[in-house]
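Okay, so here's the structure we're looking at.
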Amino acid sequence: MSRPRDRDRAASASMPIAPATHTGRAVMLAPSILAADFARLGEQVTEAEAAGADRIHVDVMDGHFVPNISMGTPIVASLRRVTRLPLEAHLMISNPDLFIDQFAQEGIDSFIVHWEGNNDLMRTVRHIKSLGKRAGVAINPATPAAILEEILQDLDQVLVMTVSPGFGHQHFLPETLPKIRRARQLIERLRPDCQLSVDGGIDAATAPRAVDAGANVLVAGSAIFNEAESVKQAMQRLRMAAHT
Ligand code: DX5
Ligand code: ZN
């Protein structure tokens, strides 16, 4: 459990603070701009940075790998000019190999590519690393954690999808919790420095469950960018929930 004093400090801080949870791991927040107001994107990202976001999560969708279209390299180039935070591209596209160099040039610091549909994941991951970028692999809800075993040594990050990819504002799938635990066990055994992200339906109610299962990076869209509260308030709420 985090101590009350830590929680108070986290609530009042404007700079990043990441006290350890009862799991002993600090938890990072990665706001997903898919839920942002695109007419005010720079402003909202600046607000997230001031409120202590650890990185910005950029969901790239091609209408083919997932049934939705989102954003591409011009958004990354614009974001690069307004924030110093690391930019993370979650590539939900059929052929990520064709676009990685371009995204890297525009300012992406880390890539998350899906296991599903990739014919040679090792090649994709090693290409990302050859560009000096961080590499992560995402797995969909129906994909077992076991597939990570042969690739984990090369990864900086694993992302467990806690909804089916393609859309924001979906409900967290509790069936993914045992898999988050299995992914955490594999990471502890094979690559303890590897981060474990969860993505989809993460809010103040589901964040503690995901953290308890072993996640240490929370990707959140609608729980951070919404009409009900400011980005700063939303992030404080999420952070406090994650640390209880
Ligand atoms: C979904 C995306 C998520 C999405 C999460 O395919 O990968 O990053 O933005 O949105 P929320 O937090 O609203 O579920
Ligand atoms: Zn995502």
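The values are calculated or read from the model by the stated rules, or taken from the named source; none is laboratory data. These numbers come from a predicted model, not from an experiment. Methodologically, a virtual Cβ is constructed for each residue, glycine included, from the backbone with ideal geometry; neighbour enumeration extends over all protein chains shown. Surface accessibility is based on the protein's heavy atoms, side chains included, excluding ligands, DNA and RNA. Shrake-Rupley method; radii C 1.70, N 1.55, O 1.52, S 1.80 Å.
With a 1.4 Å probe and all protein chains left in place, how much of the accessible area of the chain comes from carbon and sulfur atoms, in whole percent?
Numbers: 5530 of 10740 Å².
That fraction is 52 percent.
Assign one of three labels to the stretch 48-109, namely rounded, prolate or oblate, based on the Cα gyration tensor with a ≥ b ≥ c the square roots of its eigenvalues; rounded applies when a/c is under 1.5, prolate when it is not and a/b is larger than b/c, and oblate otherwise. Mind dumping the intermediate values first?
Working: a/c = 2.39, a/b = 1.68, b/c = 1.42.
Judged from the Cα gyration tensor, the stretch 48-109 comes out prolate (a/c at least 1.5, a/b above b/c).
Roughly how many Å² is the accessible area per residue of the chain, as a whole number, for a 1.4 Å probe? Working shown, then result.
Values: 10740 Å² over 244 residues.
Per residue, the chain has 44 Å² of solvent-accessible surface.
With Cβ to Cβ distances under 12 Å as the rule, what net charge do the other residues near THR46 carry (K, R +1; D, E -1)? Walk me through the numbers on the way to the answer.
Values: positive: ARG40, ARG81, ARG84, LYS232; negative: GLU43, GLU47, GLU49.
After counting each charged neighbour, the total is +1.
Sorted from largest down, what three extents in whole angstroms do the Cα atoms of the chain have along their principal axes?
48, 42, 31
Please list 3J(HN,Hα) in residue order for the stretch 109-122, calculated via the Karplus relation 6.51 cos²θ - 1.76 cosθ + 1.60 where θ = phi - 60°; whole Hz, with x for glycine and proline.
For the stretch 109-122, the Karplus curve yields 9, 9, 10, 10, 10, 8, 5, 5, x, 8, 6, 8, 4, 4 Hz.
From the mean inverse distance of alpha carbon pairs (Kirkwood) and the Cα radius of gyration, derive Rg over Rh for the stretch 147-244. Display every interim value, and only then the final one.
Numbers: Rg = 13.7 Å, Rh = 13.8 Å.
Rg/Rh for the stretch 147-244 comes to 0.99.
Order 43-55, 77-89, 213-225 from most to least packed using the mean count of other Cβ atoms within 10 Å.
On the way: 43-55: 19.7, 77-89: 17.2, 213-225: 25.5.
Top to bottom by mean Cβ count within 10 Å: 213-225, 43-55, 77-89.
Show log10 I(q)/I(0) for the stretch 93-159 at q = 0.15, 0.22, 0.24 Å⁻¹, two decimals, from a solvent-free Debye sum over equal Cα scatterers.
Debye intensities relative to I(0), on a log10 scale: -0.42, -0.90, -1.07.
Step through the residues of the stretch 190-197 one at a time and calculate ³J(HN,Hα) from phi using the Karplus curve (6.51 cos²θ - 1.76 cosθ + 1.60, θ = phi - 60°), rounding each to whole Hz and writing x for Gly and Pro.
Per residue, the Karplus-derived 3J(HN,Hα) values read 10, 7, x, 7, 5, 7, 10, 9 Hz.
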